[in-house]
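Let me begin by presenting the structure, written as structure tokens, before commenting on it.
Bear in mind that the values in this text are calculations on the coordinates, not laboratory data. This structure is a prediction, so every number in the text was calculated from the model and none was measured. With ideal geometry, Cβ positions are generated from the backbone for all residues, glycine too; neighbour counts draw on all protein chains shown.
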Amino acid sequence: MNVAFTLCSINYLAQAKTLVDTLKKSNPSWTFILGLVDKNVTNVDLSFMGCEVLEVETIAIDGFDQMVNAYSIVEFITAVKPFYFTYLFEKRKEIDKIIYFDPDIMVLGSLDDLETKLDTYDIVLTPHFTTPIRDSFQLTEKHIFSTGVFNLGFLAVKRSANTLNMLKWWEEKLRFECILDLTRGYFVDQLWMNLAPAYFDKVLIDKYPGYNMAHWNLHERSLTETANGYMVNDVPLVFFHFSHFHPGRPEQIATFQTRYSFDNRPDIKSLFKLYTDSLISNRYFEFKKIPCYYMRGEGKKQFKKSVKGFLRQVTPLRLKMIVSSMVKK
């Protein structure tokens with residue numbers, strides 16, 4: 001049995017619904033599960049999702065309350081990712097292969113080739129891009145140094161001892177260090193995965209251009225719409241990642257991205273129009289107003305993080321070393 005899942009809070013249900021619909025249409029043999037990292041206190045009718053909904057408290061994560069209290073909502077949603085993989089493998093012995101997709105993805109092509117690759121490999125990762133960037137527009141290669149070689153909006157694994165060891169290691173890291181703080185060298189779950197090819201066997205770094213096309217790799221990928229679907233560099237598009245795109249700002253490809261606009265990239269306009277129409281049809285502007293239950297205390301968490309960041313910058317190195325040695329004792 002093959003399973004795909006995503007993680008989101010209720011305010012991202014429009015994106016998740018679009019992902020569900022496109023995946024079920026393009027890959028009807030795959031089972032889809034929505035990991036709801038939220039409490040449905042507003043009683044939203046989740047049956048419209050058309051898939052199983054697995055709430056995060058069902059996973060019974062060790063240290064769950066501490067994670068909720070320590071992490072911002074972005075940190076928390078990414079931190080629970082490996083725990084969902086492990087839960088599905090442990091509780092459902094019929095599952096052989098699992099793919100995680102971020103909710104802001106459309107799956108438009110067949111996953112058959114990826115499924116075949118998982119017969120040989122245990123873990124499949126996609127790099128943000130595979131060719132050099134030679135301009136100063138954002139995103140730059142330096143940005144990727146800070147945020148991770150691989151984009152963890154996608155991860156495919158198969159059941160094996162090697163995979164379970166990777167997930168256990170990842171859980172250990174994300175339970176306490178799924179931190180969004182570039183000044184300390186943290187970028188939630190992604191930077192840790194830079195180490196996976198060194199630590200674990202049977203890791204495929206998949207450079208197929210039809211996987212995880214997004215604003216960060218537009219410099220190396222062109223889209224063509226055909227009667228049989230979209231093609232990327234003359235191969236089928238399997239999934240497109242609409243990271244940092246907002247229907248409320250339809251003129252902008254992605255927040256922070258400065259390299260391209262829809263004027264100089266007309267090849268992607270029809271796909272973004274398709275995505276925008278789907279989000280609006282799936283009640284994007286309604287759901288985005290619903291705050292996540294686990295966002296309680298976001299201001300307090302951010303204040304603590306700011307204070308810690310300030311202290312790290314102003315504390316003399318000698319004092320840091322003394323405090324560190326005292327802690328170790």
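At 4 °C and a viscosity of 1.567 mPa s, what translational diffusion coefficient does Stokes-Einstein give for the stretch 41-101, taking Rh as the Kirkwood radius over Cα pairs? Give it in µm²/s as a whole number. Walk me through the numbers on the way to the answer.
Numbers: Rh = 13.4 Å.
Roughly 96 µm²/s, to the nearest whole number.
Out of residues 5 or more away from L54 or on other chains, whose amide H comes under 5 Å of its own, with H placed 1.01 Å from N in the peptide plane?
L34, G35, L36
Multiply the residue gap between A198 and T120 by 0.36 nm, knock off their C-alpha separation, and tell me the result in nm, one decimal place. Can you show the working numbers first?
Working: separation 78, 0.36 × 78 = 28.08 nm, distance 1.79 nm.
Taking A198 through T120 to full extension adds about 26.3 nm, to one decimal.
In whole Hz and in residue order, list the ³J(HN,Hα) couplings for the stretch 184-196 that follow from phi through the Karplus curve 6.51 cos²θ - 1.76 cosθ + 1.60, θ = phi - 60°; x for Gly and Pro.
Running phi through 6.51 cos²θ - 1.76 cosθ + 1.60 with θ = phi - 60° gives 9, x, 10, 9, 6, 8, 6, 4, 4, 6, 4, 7, 4 Hz.
Report, in listed order, any pair from K39/K289; K17/K273; K117/K207; K207/K269 with a Cα-Cα distance greater than 18 Å.
Numbers: K39/K289 15 Å; K17/K273 16 Å; K117/K207 13 Å; K207/K269 24 Å.
Check vs 18 Å cut-off fails for K207/K269.
Scale the Cα Rg of the stretch 39-179 by the rule-of-thumb value 2.2 N^0.38 Å and send over the ratio, two decimals. Numbers along the way, then the final one.
Working: Rg = 17.1 Å, N = 141, 2.2 N^0.38 = 14.4 Å.
The reported ratio for this selection is 1.19.
Would you grab the residues whose amide H sits under 5 Å from the one on L108? Only those 5+ places off in sequence or on another chain, please, with H modelled 1.01 Å from N.
Residues meeting the criterion, in which the H sits 1.01 Å from N, are F239, F240.
Given 0.36 nm per residue, what is the gain on full extension from Q66 to R249 after removing their alpha carbon distance, in nm?
Details: separation 183, 0.36 × 183 = 65.88 nm, distance 3.58 nm.
This chain segment gains 62.3 nm when fully extended.
Want the number for R265 to R92: 0.36 nm per residue separation, take away the alpha-carbon distance, what's left?
Working: separation 173, 0.36 × 173 = 62.28 nm, distance 4.40 nm.
My answer for the length gained is 57.9 nm.
Would you work out if the chain is rounded, prolate or oblate? Take a ≥ b ≥ c from the square roots of the eigenvalues of the alpha-carbon gyration tensor; rounded if a/c is under 1.5, else prolate when a/b is larger than b/c, oblate otherwise.
Working: a/c = 1.38, a/b = 1.28, b/c = 1.08.
It comes out rounded by the Cα gyration axes.
Kindly state, to the nearest 0.05, the FRET efficiency for T183 paired with F137, given R0 = 25 Å and r defined as their beta-carbon distance.
Numbers: r = 23 Å, r/R0 = 0.93.
That pair, T183 with F137, gives E of 0.60.
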